[in-house]
Amino acid sequence: MRAAQCFPTCGGSPIVAAYRATNASRELYPNTGELLAHTVGRGRLSGGITEVDVQKNARLVEKWSGSGVTPVNSSWRQEIRPGGVLSCPATLRSPWLFAADPMTFRKVGHADDDKPYREDLSRVSTVLKGFIASGEPGAAALFVYGLRPDVRSQFWTFADDLAANCGIPAVSGWVQHQGGNRNLAALLYSGVALPACWLPEGVRAGK
């Protein structure tokens, strides 16, 4: 976002350009779908977005009207089930992205909320296996925020076990958060090769 405040330069990062186009800020942060729309084109996207807040979902429905993307007023856990908007279509013939952008991670719990729990390992493994079985290249990006040192290892174990369950590799990165906590990202990928310098500036590789 800091780079997006600067004057655009030739050959600049597409994600920085997307932040600039969406006027991204700490107070107004675009979701992954909106960043993709400004990167590859809204008309080239299809799939689903879940939002449990009725008013926010209504704005998403308006924003994505006429596109191949379907926002639904539902929990992500409900929509990764077979037939849900986040599950793999039987007719998938394009690269795919499964992006989970929850608040934080908890090892113990089972509420249907914005936090992934260790208990979600099986259901997330199942939906990713569906995409992998399509034979199309793709990736799953998992982001969590403000994790304390004692919880960070639990999230990395979750990500590693998810990759092992699905039989695909995973890479990791992080940035510093407030109070010594960290924001973490795990990227699992299938049928693609990551470039040597795939992480954006300021994001540290590893755990």
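Of note:
- Taking the criterion of being within 23 Å of D114 (Cβ to Cβ) and either among the β-branched types (V, I, T) or surrounded by fewer than 16 Cβ atoms within 10 Å (Cβ to Cβ) (or both), the residues of the range 15-30 that qualify are T22, S25, R26, E27, L28, Y29.
- Number of positions in the range 152-170 that are outside any helix (DSSP H, G or I) and crowded, with 17+ Cβ neighbours inside 10 Å: 2
Residue by residue, here is whether (1) farther than 19 Å from L128 by Cβ; (2) assigned to a strand (DSSP E or B) holds:
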residue: G48; (1), (2): no, yes
residue: A58; (1), (2): yes, no
residue: Q78; (1), (2): no, no
residue: V85; (1), (2): no, no
residue: L92; (1), (2): no, no
residue: L97; (1), (2): no, yes
residue: M103; (1), (2): yes, no
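- Every residue from the range 186-207 that is surrounded by fewer than 17 Cβ atoms within 10 Å (Cβ to Cβ) and assigned to a strand (DSSP E or B): R204, A205
- Of all the listed residues (G33, G41, G12), the sole one being surrounded by 17 or more Cβ atoms within 10 Å (Cβ to Cβ), among the small types (G, A, S) and under 25 Å from G138 (Cα atoms) is G33.
- Among the residues making up the range 105-148, those that are touching a Leu at 6+ places or on another chain (Cβ under 9 Å), aliphatic (A, V, I, L, M) and either assigned to a helix (DSSP H, G or I) or not assigned by TED's automatic domain parsing to the domain that holds L162 (or both) are L121, V124, V127, L128.
- Unmet criterion (only one of (1) within 30 Å of T91 (Cβ to Cβ); (2) without any contact (Cβ under 8 Å) to a residue 60 or more places away in the chain; (3) of a type outside the set (V, I, T)) for L188: (2)
The values are calculated or read from the model by the stated rules, or taken from the named source; none is laboratory data. As the structure is a prediction and not an experimental result, all values here were calculated from the model. So basically every Cβ, Gly included, is an ideal-geometry build from the backbone, and we count neighbours across all protein chains shown.
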